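Here's the structure we're looking at; comments come further down.
The values are calculated or read from the model by the stated rules, or taken from the named source; none is laboratory data. Fair warning: this is a prediction, and the values are worked out from it, not measured in the lab. Note that each Cβ is placed from the backbone with ideal geometry, even for glycine, and that neighbours are counted across all protein chains shown. Each accessible area value is taken on the protein alone, full model and side chains, heavy atoms only, with ligands, DNA and RNA left out. Shrake-Rupley method; radii C 1.70, N 1.55, O 1.52, S 1.80 Å.
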Amino acid sequence: MSTKQQTSIGAGVDWKFVIQYSIVLSVLAYLIFIGGRDETILIDFSVTRFNLILFTVLFICWLCFCIITGKEIIETDSILYALLFLGVTFISVLLSEKFWQSFNEFYIWGLYFLIFIGIQQLINFRWKRELIFNCFLLIGSLANLAKILQIARWYSIWLLNTNRGLLIAFQNRGKSPNLSAAFANLILMMALARFVNNKNDPKKTSLIFIILSSVFIVILTSSGGGMLGMVGGVGIIIAIRAIQEKGIIRKIWNDNKRFIFYGVIFFLILIIIGVSYIINRSGLGTRYIFWKVAFQVFKNHPVFGSGPYTMGNQLLRSISVPPNVIHIHAHNIFLNILGELGIVGLGVFLLVIYNFLKNSYKIIKIENSYITVGALGALGSFFSHGMVDTLYVSPYLAMSLITIISMSSAPSKISKYTKKPIVRSASVWAAGFIICIGWILLIQRIPLENAIRHYDQNKEYAVEDLKLLEKWKPNWALGFQQRAITESFLAIEDKENQLEHLHIAIDYFKKTIKSDPMWATNYANLGVLYKEIGEYSQALAMMEQASILAPDSALIALNYAIIAEETGEYDLARKYYWNYILLGGIETSGPFWHETNLRNKIYYENRKINFRNQYAEWNDKNFRWKIYPDRFSSRIHLKLAEYYLDRGEHLLALPEIQQVELMADKRGGDYLELLWLKSKMSIHKGEYLEGLDFAKSALDGWRFQSIYGPGTYGESNYSKLFHRSPSIDDDLIPQFKFAPIPETWINRMVEVGKWYSEIDETKEAKRIFLEVISIDSNNEDAIALLEELDANNNCDD
């Protein structure tokens with residue numbers, strides 16, 4: 001190719017547009033799918049650091065660009081209203097009952113504000129809003145494509161292993177169906193607005209794909225709120241177009257009566273499905289409990305609320321967890337804001353929405369902007385769905401909506417705004433303030449990060465880190481709790497200074513309770529530690545308080561019962577042993593229930609009750625009959641797979657195991673059963689290492705029990721959901737007495753020991769048998785197998 005040809009081709013490229021498009025696409029993709037994910041920007045240290053550095057660099061570049069070029073920034077009325085809302089939120093933070101929790105949330109809301117004014121300034125600097133719009137749609141189409149490929153892969157595996165068709169709820173194979181539906185709705189509204197605005201749009205094929213894929217995803221999520229949101233958003237866009245095209249409405253009706261009729265029927269069906277799903281699956285009754293709590297919080301804090309991101313703590317006081325699922329919001333955007341920000345916060349929030357609607361009306365009336373139409377549809381969808389879910393607690397959803405609203409409310413021919421030097425802008429000073437808050441929070445989290453890193457290596461170093469955390473972030477309940485838990489473990493490891501560590505742990509649990517008096521597990525932890533030093537009256541008082549705050553916690557009931565029995569309070573112990581059984585539904589078998597007369601008596605009483613309610617012994621026919629009434633239950637397939645494995649019919653067991661793998665929740669007890677069955681399958685195939693890995697993971701689910709109760713994996717859910725911060729092991733309750741391992745799992749431990757023996761892993765086999773004997777000192781199988789190993793070793797010597 002000649003130089004002349006190269007020059008002519010290069011000259012035809014709008015390099016400024018290419019660079020702008022690349023930047024916008026990259027930044028939006030990062031914000032929505034990496035930096036804005038719930039478990040990254042809020043939890044992960046590395047992403048938090050990168051986000052803060054990124055926003056700081058962009059902010060400095062923005063300042064320098066305006067100062068050097070002399071460009072002035074704009075302040076529209078939408079920016080000023082958003083700034084007012086941010087100010088009210090900050091007052092709520094200062095008055096919050098959980099200052100650090102609310103302060104951290106204010107920083108996240110501040111990032112939304114920074115994105116909001118940033119996009120408006122880009123458009124002020126002559127970046128076309130259509131460019132941002134197209135980038136957003138491209139990201140949405142890629143997200144939809146990825147989701148469809150995930151669905152297709154899941155269905156192909158499902159159909160390969162079952163003949164039960166496609167009518168499977170999407171939420172059985174995907175996380176957060178409500179959030180997936182809400183995001184798909186935002187993409188849908190923007191694409192639909194452009195599609196109906198221009199009949200000759202050259203990109204109509206891609207728009208049709210985005211529209212159909214979004215509807216497909218919303219329906220497959222089985223999210224009732226998502227369906228309501230889709231109907232609400234589409235209804236707004238149709239209403240706007242009807243108002244704009246009054247003259248042709250009659251003609252459209254006459255030409256398309258049948259199509260419109262069936263369309264209306266379709267959307268009415270979606271509404272009915274959505275409402276019935278919410279009532280039947282999640283229950284309006286449950287949501288009413290959330291709404292009632294939100295209104296009660298408002299009554300207690302009517303002016304500025306209880307503080308941002310405190311609704312979860314309020315719900316925790318009314319809806320005892322564990323074992324119930326932890327919730328962090330009131331399942332209604334407006335009630336959530338009313339409770340957390342009070343009547344002032346809700347009033348300003350509604351004022352911001354009113355301002356946006358007023359400006360949107362002017363823009364549509366004069367400019368006929370499809371971006372604004374799409375934004376109104378997106379807002380309608382968001383708030384329709386938001387009547388049953390508080391969607392703004394998800395950063396990537398909030399950032400997506402902020403991007404849409406920013407595009408729509410940015411400067412236009414009819415916008416009213418003022419231009420001023422950057423150093424005189426209130427919004428810019430607010431953005432700088434938010435950046436400073438981010439650095440304060442980041443620096444304060446460094447000691448906790450170091451403590452987490454040192455925790456497994458050297459707990460003494462972790463203690464030093466937590467001491468520094470206490471200086472940098474005083475009166476923080478989570479920081480106190482981490483120190484208490486670390487000292488509790490040190491008491492186990494450092495026998496010489498055990499009493500000293502126990503007293504320090506007790507002191508720090510007291511500080512935790514003083515800082516957060518409604519956190520039930522800390523009372524229970526403190527009760528167990530009091531028992532360890534012989535302060536039984538104090539121990540009972542703490543367990544009583546824990547049971548009042550969390551009456552549905554099986555683990556708290558168990559520990560209360562154990563302490564009460566040791567102090568001779570047999571009636572109290574009996575009451576809470578039965579509470580544990582009824583709440584946890586745990587199998588009352590194994591040596592724990594025969595260690596004392598009281599437990600032994602409860603064991604036989606429970607056995608009689610269970611014997612009366614037992615099903616007849618299942619055979620193949622019974623299993624098959626049982627599957628059809630509840631074909632989507634993973635537990636049924638688990639039992640069927642176990643039945644086949646016990647009979648040696650491994651080919652029949654395999655598809656049942658594969659089905660459970662597609663359906664089981666990894667946090668539930670069914671997942672541990674699945675791991676055990678996979679271990680047995682691997683051992684049958686001779687793949688011992690793989691089988692033992694599965695078995696170890698399954699046993700660890702009983703060894704290390706989470707806040708949700710025995711037989712579940714431990715995750716720091718309290719920290720993630722309530723503090724938006726990492727923690728060491730805050731909800732594993734390590735100083736609790738672990739719930740007794742049932743006889744079924746003790747027998748499985750013996751079997752694992754046998755597998756280790758078969759591959760000459762004598763050391764591991766001994767360790768397993770000794771663990772079994774430590775749990776059940778009379779286990780004849782473990783004793784015999786251990787003696788056999790010792791005898792063989794002596795012969796080898």
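Brief remarks on what is shown
- Within straight-line cross-link reach of residue 720, aspartates and glutamates at Cα separation under 18 Å, skipping those fewer than 8 residues along the same chain: 38, 39, 44, 105, 449, 516, 729, 730, 731
- Listed cross-link partners 459/510; 98/510; 98/420; 531/575 are compared with a 29 Å cut-off, the Cα-Cα value being larger for 98/420.
- Part-to-part distance (alpha-carbon centres) for the range 83-118 and the range 349-408, which is given in Å: 20
- Assuming charge only on the beta carbon of Lys and Arg (+1) and of Asp and Glu (-1), the dipole of the range 83-242 about its Cα centre is about 540 debye to the nearest 20.
- The mean accessible area for residues of the range 71-124, using a 1.4 Å probe and ignoring ligands and nucleic acids, is 28 Å² per residue.
- Given charges at beta-carbon only (K, R positive; D, E negative), |dipole| of the range 365-499 in Debye: 1200
- Accessible area per residue for the range 309-466 is 36 Å², calculated with a 1.4 Å probe on protein heavy atoms, without ligands, DNA or RNA.
- Long-range amide H partners of residue 73 with built H, under 5 Å: 420, 422
- Fraction of accessible area attributable to carbon and sulfur, the range 522-570 (%, probe 1.4 Å): 43
- Long-range Cα-Cα pairs in the range 475-599 (distance over 25 Å), rounded percent: 27
- Long pairs among 495/763; 204/365; 696/766; 71/416; 473/511, criterion Cα-Cα beyond 20 Å: 495/763; 204/365
- Rounded to the nearest 20 debye, the dipole magnitude of the range 423-569 is 1000 debye, with +1 charges on Lys and Arg beta carbons, -1 on Asp and Glu beta carbons, and the Cα centre as origin.
- Compactness index (Cα Rg / 2.2 N^0.38 Å), the range 343-450: 1.35
- With 32 Å as the limit, the listed pairs 299/362; 203/358; 147/754 have 299/362; 147/754 beyond it between alpha carbons.
- Across the protein chains, with a 1.4 Å probe defining accessible surface, the residues 467, 365, 514, 696 rank 514, 365, 696, 467 from largest area downward.
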